[in-house]
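Accompanying notes for the structure given below.
The values are calculated or read from the model by the stated rules, or taken from the named source; none is laboratory data. From a predicted model like this one, the values you see are computed outputs, not experimental measurements. For neighbour counting, all protein chains shown are included, and Cβ atoms are generated from backbone atoms with ideal geometry for every residue, glycine included.
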Amino acid sequence: MQVSGTDDGRIRPADPADVERSLVEWLRGELEDPDITGADNFLDIGGHSLTFAKLNQHLSDSFGAVLDMKTTYEEPLGVAVTKIQPVESAMPTTR
């Protein structure tokens with residue numbers, strides 16, 4: 001399910017459970033680690049800035065949403081997913 005409009009014009013965010021499943025599957029393939037779960041920290045599993053950019057491209061293409069870099073680096077993946085933002089409203093994170 002992508003981020004989409006509703007009948008009243010508001011944006012409906014993607015279901016975090018769907019996003020988390022997709023994110024975990026993508027990371028398992030990208031990092032060649034079948035044991036990655038939503039409880040893992042992105043950096044602890046070997047993620048880095050290029051992986052983050054590719055992951056956000058995957059989520060943008062699949063759900064029209066992106067993760068916040070600071071939250072993704074500091075929190076478990078499952079927490080980061082609860083703070084996804086529609087692509088149109090996401091602010092670039094450079095810190």
Does segment 57-65 contain any residue that is under 21 Å from Gly29 (Cα atoms), at pLDDT 95 or above and outside any helix (DSSP H, G or I)? no
List the pairs whose first member sits in segment 50-73 and is surrounded by 18 or more Cβ atoms within 10 Å (Cβ to Cβ), whose second member is part of a helix (DSSP H, G or I) and among the polar types (S, T, N, Q), and whose Cβ atoms are under 7 Å apart, counting only residues at least 6 apart or on separate chains? Phe52/Thr72; Val66/Asn56; Val66/Ser60; Leu67/Asn56
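One residue is enough: does segment 2-11 have a residue meeting the conditions modelled with pLDDT under 95 and either crowded, with 16+ Cβ neighbours inside 10 Å or touching a Cys at 6+ places or on another chain (Cβ under 8 Å) (or both)?
Yes: segment 2-11 contains one or more residues that are modelled with pLDDT under 95 and either crowded, with 16+ Cβ neighbours inside 10 Å or touching a Cys at 6+ places or on another chain (Cβ under 8 Å) (or both).
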